[in-house]
Amino acid sequence: MLRLVFLCVVAFAALTVVSGQRQVEEVLKWQQVEFDVPASVLSAPDGYIPINNIPMSGVHYKNRVFVTVPRRRWGIPSTLNVVELEPPYPVTNPVLKPYPSFELNELRADLQPDANRLVTVYRPRVDRCDRLWFVDTGMMEIPGNFTVVQRPSIWSIDLKTNQPLSRYEIPQKDVETGYGLTSITLDVDPDDCSKVFVYISDLQTYRMVVYDHENQKSWRFLHNYFFLNPLEGDFNIQGIPFAWDDGIFSIALSNPDPMTKFRTAYFHALSSNSEFTVSTAVLRNETASKRGYHGDDFKLLGYRGAQSQSSIHGFHPETGVIFFALIQLNAVSCWDTRKPFAPQNMAIVYKNDRDIIYPNDLSIDQEGNVWFMSNSIIKLLYTQLSLEEFNFHIWRANIKEIIKGTVCDPTVPPNVDHGQRFGGEQNADRVTFVEYKDKYGPGGGPYGGWGSDDKRKPTGRRP
């Protein structure tokens, strides 16, 4: 493993840890998450099981951070929550408050569909118009007992009034279920808040769902570039080898083109080291989604480097820099979109082998900061998660400070003047996969862990 990591650093050329701890601030951290909900909920059977509550997002808006806990096990009182920020930092084990209310987050006892309740939320996003957007997958993702409670839906909430603004139920023609709809990207018109397109990655069926908010309609795209790279689906994190087949996982948008007003959508699969692009002119075209062949509308941008599989990435409008959460390297990297896409033109701005165990979310706020989160889900799925340790962390960094002097700094020239489309022989993308037996019982893997005695193999797992 040490040899592979060394090769990865070589592939990135001058890529080093340049941030220093002083430029990255840990804001929140938990050993386990607790909720501000009625005591009767916490004491009810399967009402609250601490080890089953794994946060999946840390999205900042003013003095609040929105933290989601998808219902992937029993014992999760609330899926969409908020933490009010109050220094000094880091805040340890802050209690999660259901957002905008517990009533919206509480499941019906009979698990029947209810358009006024949320089931499972993964990664919300905030737009420039003070709205929180997210997908409710409508699913209880219990291993061995996946339950479709209701159709998946796209929500928006007014962050000034804390009241829901809209709910759009995604039709079956676009997705069979909500399983795999774990990240969204917002395309808001610079002058009109009513004109919004939402792009949703479907990592399960390798598709992209497009939602036209103004006209209340949606469609989906299918493309080979949404699939995993079968040569890059093996992982080794914290010495734990495993294989995932997750497809398109994250979509990041550039600034609008001054002439066409459309943006470039950068996207990638989780199980891939490559990045691709497509114009939002294509994505916004429902007719184009029905084509059997897309010509060269979708393009291969290039190769990030060996072991550089990324969960979520985000674009900073002011600097034009994209940040990547690198799950195998326990790190966050950056790339200046004005420079050729090549590993040599990227830099690791923060790396933490102790605390960054699966960086599962990353976002850019309105104040020029990049926020990223780690949730240790690898330990929970394949070994054991200890509630005596700090397992969940949220950091932030000022973007201009963290990229200063790196190749991502717009004032710094590129290291190479050409892009790299594929990895070379020295990149050693493959890692040797060996069977890793799950441990049963509390903190064990998906075949009976998370405090469950159910040892049946689950029908799937998604980070």
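Worth a mention:
- Out-of-range pairs (alpha-carbon distance over 19 Å; input Lys29/Lys97; Lys62/Lys97; Lys173/Lys195): Lys173/Lys195
- Inter-centroid distance (Cα atoms) of segment 382-399 relative to segment 118-137, Å: 22
- Gain upon complete extension [Leu85, His418; 0.36 nm per residue less C-alpha separation]: 115.5 nm
- Taking a ≥ b ≥ c as the square roots of the eigenvalues of the Cα gyration tensor, an a/c ratio of 1.5 or more together with a/b no larger than b/c marks segment 85-222 as oblate.
- Taking each residue as 0.36 nm, the span from Asn224 to Glu401 lengthens on full extension beyond its C-alpha to C-alpha distance by 60.0 nm.
- The chain, helix-only ellipticity at 222 nm - DSSP H runs n ≥ 4, -39,500 (n - 2.57), divided by all residues, nearest 500: -1500 deg cm²/dmol
- Computed across the chain, the Kirkwood hydrodynamic radius from all distinct Cα-Cα pairs reaches 22.2 Å.
- Excluding ligands, DNA and RNA, the accessible surface per residue across the chain is 39 Å² with a 1.4 Å probe.
- Accessible surface of segment 24-403, 1.4 Å probe, proportion on carbon and sulfur as whole %: 48
- Rough spin-label spacing in nm, given labels placed 7 Å along Cα→Cβ, for Thr161 and Thr147: 3.3
The values are calculated or read from the model by the stated rules, or taken from the named source; none is laboratory data. Computed from a predicted structure; not experimentally measured. All Cβ positions, even for glycine, are placed from backbone atoms using ideal geometry, and neighbour counts span all protein chains on display. Ligands, DNA and RNA are excluded from the accessible area calculation, which covers all protein heavy atoms including side chains. Shrake-Rupley method; radii C 1.70, N 1.55, O 1.52, S 1.80 Å.
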